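Quick note: the coordinates plus some simple rules give every number you see, no bench work behind them. Note that the structure is a prediction, hence the values are computed from the model and not measured. No Cβ is skipped: glycine too gets one built from the backbone with ideal geometry, and neighbour counts run over all protein chains shown.
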Amino acid sequence: MTIQAKNGFDEVVTPEVLQRAVALGRSRHRGSIHAQSLRYLPDTRALMITFGDQTAIVLPVENYSELAALTGRELQQLSLCFAGSALCLNDRDLHVSIAGLMAMSQPLLEVAKTVAASYNGSLRTLAKAVASRENGKKGGRPRSLTHPGSV
């Protein structure tokens with residue numbers, strides 16, 4: 001099977017085309033990690049990664065084998081790359097995903113799971129709507145059992 005590549009370079013950029021491209025870029029930007037700044041904290045030998053809303057995470061360098069071998073000077077030279085989704089040190093050809101670093105921390109992973117579960121639980125899905133209708137046909141949510149002697 002051969003897939004023919006599209007060449008969109010000759011497409012006229014109308015206001016509508018530009019608006020679609022900007023909307024696509026915004027939607028892609030929302031779905032991934034984009035750090036705004038990176039600071040090395042030599043006192044604690046940690047990296048502070050700050051995001052657009054001024055929230056930040058602090059990652060101890062010693063917890064990550066890729067970073068633990070770096071000197072203080074090299075840690076100072078780390079920079080953000082790939083649109084803020086990775087840390088880079090060109091002298092060592094080092095590119096480390098911020099999401100990957102966060103996933104290696106069990107507490108951060110648990111926080112992410114909790115946030116995702118909370119968010120996904122509040123979404124109204126087709127499955128939830130169907131289950132709710134079926135439950136309603138049966139008389140609604142079952143009453144909680146009361147203990148003998150309680151009012």
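One table, with the values for the structure above:
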quantity	calculated
The chain: angle of helix 126-137 to the longest principal axis, Cα-based, in degrees nearest 10	10 degrees
On Cα atoms only, tilt of 106-122 relative to the major axis of the chain in degrees	50 degrees
Partners for Lys138 among aspartates and glutamates (Cα-Cα distance below 12 Å; same-chain residues under 8 apart left out)	none
Relative contact order (%) - the range 35-104, alpha-carbon pairs under 8 angstrom, separation at least six	22 percent
Net charge of neighbours whose Cβ lies under 14 Å from the Cβ of Gly121, counting Lys and Arg as +1 and Asp and Glu as -1	+3
Quotient of C-alpha Rg and 2.2 N^0.38 Å, computed over the chain	1.65
Inter-probe distance in nm under a simple model that places probes 7 Å from Cα toward Cβ, at Gln36 and Val96	2.4 nm
